[in-house]
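So the structure is just underneath, and the comments pick up after that.
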Amino acid sequence: MSFEKLGLIKPLLGAIQELGYTEPTTIQKRAIPLVLAKEDVFATAQTGTGKTAAFALPMLQRLRNTTADENRPLRGVILSPTRELSIQIHEDITNYSKHMHVECAILVGGKDIEMQQRALKKGVDIVIATPGRFLELAEKGLDLSHIEILVLDEADRMLDMGFSKEIRRIHPMLPKRHQTLLFSATYSDKVRKLSKLILTKPAFIESSKRNSTVDTINQIAYMVDTDRKAALLAYLIGSRNYPQVLVFTRTKVSADTLYEELQKDGLKCGIIHGDKTQANRLKTLSQFKEGKIRVLVATDIASRGLDIEELPYVINYELPSVPEDYVHRVGRTGRAGREGEAISLLDIYEKYDIKDIERVIGMKIPKETVEGFEPDPTIRRKDVEETKLKSEHKKPQVKKPPKKVFKSPTTSKKRKTTKRDSK
Ligand code: AMP
């Protein structure tokens, strides 16, 4: 099926052709006609499925009859959980709307609110906003009485981040008759509850298996001792000649530590986490996209909304604390049908966490070892003890493994103990 058959107009068809999209993805085939028909939509679609175009293209078509009048009202709102995702959506919308006159602005926290208010006064048709900042602007008098379309992108993530209150407060501020499109990677109870509140007779779209990872991603886990993870990572990148790798850590502290260690190994690295300024994060991201940085170390803050064309490798240096985040992390590769590889480095502490992830994605991840980095078998024997502790719902009290000398392809470096902190 072609994009023409979905009922899209010429300016949009031209733009997507220039972007090299030849055929609509599954979610696009199903969502575009429904959005054009002004239906409410509840779609479970994960990142990498083409979900942004699925709501953005018909939204642009519906809201295209705009004037150049500076006093024209705001008609479309896209709520997104993070600044990064908002910027990504804005970039996509700018590309899709290049042959039409639709003005689009980003309203995210951490930026000067007065500047955003001034920008809104110049006439804006669609805003992409994080819920907190959008509510703040609405309470300061942003006119919502002409809103025709509300999109909640990655609704599950917004709820996980605690934005439920803001969304519930924004909803009654909108006109009674407006169209709502809810996109969520997962079909959690929280999302279902919210959908009942904000959607009217929605059409349901389940574009992929729940929580499944994209089929084109080759997933593998390497068993390794905690204190050899950094050396194994540097070895994999070097020996396999990975050109561009996104590496996820669980915490900011371990991201910082790993960043320093990889730099000592001579790898060109960048780092993104919640303590970095927005400007710094954007600069690092664009350097990574341009290939000036080979390894980008990031916490889960980057696991959504980061869209890098043809990113071939994602490495989970540490597994995420929430199993669902695994889906988002590995979804950074294998995008739009391209091949990708997701590698997880598993130490003894994470052997159990991966089982939760396997349950979520509905498949087993093959576990292997890399020659020269095999885990110490004497530490493995403690598994028995761990299993027992786990079944008693206690946190395993396994001591740090004794350092063991291997004949390895790279020099082993002792990892500093990491504190668990937030993203
Ligand atoms: P998303 O799931 O919206 O984050 O999109 C994932 C990636 O797929 C983005 O890089 C889009 O530009 C790309 N994309 C979206 N739709 C198509 C399509 N029909 N054909 C090829 N690429 C697409």
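Nothing in this text is a laboratory measurement; each read-out follows from the coordinates by a stated rule. As the structure is a prediction and not an experimental result, all values here were calculated from the model. As a convention, Cβ positions derive from the backbone with ideal geometry for all residues, glycine included, and neighbour counts pool all protein chains shown.
Taking label points 7 Å from Cα along the Cα-to-Cβ direction, GLU114 and HIS99 give a separation of 4.2 nm.
Extension gain MET363-TYR349, at 0.36 nm per residue separation less the Cα-Cα distance, in nm?
Working: separation 14, 0.36 × 14 = 5.04 nm, distance 2.05 nm.
This chain segment gains 3.0 nm when fully extended.
Taking the Cβ of each residue in THR47, THR277 as the centre, tally the other Cβ atoms inside 10 Å and list the residues starting with the fewest. Before the final figure, lay out the partial values.
Details: THR47 27, THR277 9.
Ascending number of Cβ neighbours within 10 Å: THR277, THR47.
Per-residue Cβ neighbour counts within 10 Å put VAL245, VAL191, VAL330, VAL253 in the sequence VAL253, VAL191, VAL245, VAL330, beginning with the fewest. Multiplying the residue separation of GLU260 and LYS140 by 0.36 nm and subtracting their alpha-carbon distance yields 38.8 nm. FRET efficiency for the GLN278 to LYS165 pair, using the beta carbon distance and R₀ = 41 Å, is estimated at 0.95.
Between ASP69 and LYS122, the contour length at 0.36 nm per residue exceeds the alpha carbon distance by 18.2 nm. Pairs with C-alpha atoms separated by more than 30 Å, drawn from the list LYS140/LYS292; LYS252/LYS292; LYS51/LYS355, are LYS140/LYS292. Counting every other Cβ atom within 10 Å of each residue's Cβ, MET158, MET173, MET223 order from fewest to most as MET173, MET223, MET158. Simple spin-label estimate for GLU374 and ARG240 gives 2.0 nm between the two label positions (7 Å along the Cα-to-Cβ direction from each Cα).
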